[in-house]
Amino acid sequence: MKVKNKVALVTGGARRLGRDISISLSQLGYDIVLNYNESKKSDLEYTIAEIIKNGVNVNAIRCNVSNVSEVRKMFHAVYTKYKRLDVLINNAAIFRHTDFLETTEKIFDEFVGINLKGTFFCSQEAAKIMLKGIEGNSRIINIASLGATENWTGYIPYSLSKAGIVKLSQQLAKRLAPKILVNAISPGTILIEKDENATVNFEEEKKYPMGRFARSEDITSLITFLVQTNNYITGHNFNVDGGRSL
């Protein structure tokens, strides 16, 4: 069943998983606020076109989520235009190999700034709008990672930032209940359709009990449940990893 007159904001929503989440939510009837920062123009235009096909409004806003001033301007624009926000998906993130002994302060700050700080302040600004509503059924969903709980020694700053997102989700769930439900999703490796997967080691698939990496629909189907069906689960971290963490 499609929703009407509801608004969802997806950070990092123009490409890869963020793109597929944005399109999926538009298929449910949500008007989409599409946050992007350094996405290619072609990626942004493609995503916008796919969203429009679903008969909803889309508003693309450029914002570096690690910059609090820019974050506040983005959410001010959202409230000015819509006077509401029903769903926030904190998806914007960076991911790359970083050797522990070669990690500089700049590299560390970049991971924490985009992945964790961005999630924190986007959630803060979203909650200010959501708590003004009278319906009391808003959702914040944070995209964490299997790296939040697994010891990926080649990705320590990334893993630390994602572990922080899991803890932040628990804290916000308790602080913002009962009007806002907050949950985290921790995917393992995801193969993105129509996208580059050059860095994926396909030998790793053998370590997944399900015999394959995740696809976007494995995550978007859970998001659909969390925003459409769930009215009680909050503060939970869902590992969507095909059993890899077992």
- Task: Specify which of the listed residues (K167, K194, K174) is modelled with pLDDT of 95 or more, of a type in the set (D, E, K, R) and more than 13 Å from I140 (Cβ to Cβ).
- Result: K167
- Hits in region 1-45 (condition: touching a residue at least 24 places away in the same chain (Cβ under 8 Å) and of a type in the set (S, T, Y)): T11, S22, S24, S26, Y30, Y36, S39
- Only residues that are polar (S, T, N, Q) and either open to solvent by 30 Å² or more (accessible area, probe 1.4 Å) or under 11 Å from the mean Cα position of the chain (by Cα) (or both): list them for region 83-122, please. N90, N91, T103, T104, N115, T119
- Picking from R244, R139, R175, R215, which residue would you name as being basic (K, R) and free of Cβ contacts under 8 Å to residues at least 12 places away in the same chain? R175
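Restricting to region 144-171, name every residue that is outside any loop (DSSP other than H, G, I, E, B), farther than 23 Å from R15 by Cβ and either in contact with a Ser or Thr (Cβ under 6 Å, 6 or more places away or on another chain) or open to solvent by 30 Å² or more (accessible area, probe 1.4 Å) (or both). First the steps, then the outcome.
Keep residues of region 144-171 that are outside any loop (DSSP other than H, G, I, E, B), which gives 146-148, 155-171.
From what is left, the residues that are farther than 23 Å from R15 by Cβ are 156, 160, 163-164, 166-171.
Listed by number, the residues that qualify are I156, L160, A163, K167, Q170, Q171.
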- Of all residues in region 200-246 being of a type in the set (S, T, Y) and closer than 28 Å to L9 by Cα, which is most open to solvent (accessible area, probe 1.4 Å)? Y232
- Qualifying positions in region 12-38 - out of contact with any Gly (no Cβ under 7 Å at 6 or more places or on another chain) and among the hydroxyl-bearing types (S, T, Y): S24, S26, Y30
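Considering A126, A144, which residue is in contact (Cβ under 8 Å) with a residue 12 or more places away in the chain, in contact with a Lys or Arg (Cβ under 7 Å, 6 or more places away or on another chain) and of a type in the set (A, V, I, L, M)?
Numbers: A126 fails: in contact with a Lys or Arg (Cβ under 7 Å, 6 or more places away or on another chain).
Exactly one of A126, A144 is in contact (Cβ under 8 Å) with a residue 12 or more places away in the chain, in contact with a Lys or Arg (Cβ under 7 Å, 6 or more places away or on another chain) and of a type in the set (A, V, I, L, M), namely A144.
Among the residues in region 127-139, are any among the β-branched types (V, I, T), more than 23 Å from I233 (Cα to Cα) and open to solvent by 70 Å² or more (accessible area, probe 1.4 Å)? Lay out the reasoning, then the answer.
Kept after step one, since they are among the β-branched types (V, I, T), are these residues of region 127-139: 129, 134.
Checking which are more than 23 Å from I233 (Cα to Cα) leaves us with none.
Within region 127-139 (the criterion being among the β-branched types (V, I, T), more than 23 Å from I233 (Cα to Cα) and open to solvent by 70 Å² or more (accessible area, probe 1.4 Å)), the answer is no, since none of the residues qualifies.
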- Are there any pairs, at least 6 apart or on different chains, whose C-beta atoms fall under 9 Å, with the first in region 64-91 and without any contact (Cβ under 8 Å) to a residue 40 or more places away in the chain and within 21 Å of K4 (Cα to Cα) and the second surrounded by fewer than 21 Cβ atoms within 10 Å (Cβ to Cβ) and of a type outside the set (S, T, Y), and if so, which? A77/N59; A77/I61; K81/N59; K83/K132
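The values are calculated or read from the model by the stated rules, or taken from the named source; none is laboratory data. Every value quoted in this text rests on a predicted model; they were computed, and no experiment measured them. In this analysis, Cβ positions are derived from the backbone assuming ideal geometry, glycine residues included, and neighbour counts consider all displayed protein chains. Just so you know, the surface numbers come from the protein's heavy atoms only, side chains and all, with ligands and any DNA or RNA stripped out. Shrake-Rupley method; radii C 1.70, N 1.55, O 1.52, S 1.80 Å.
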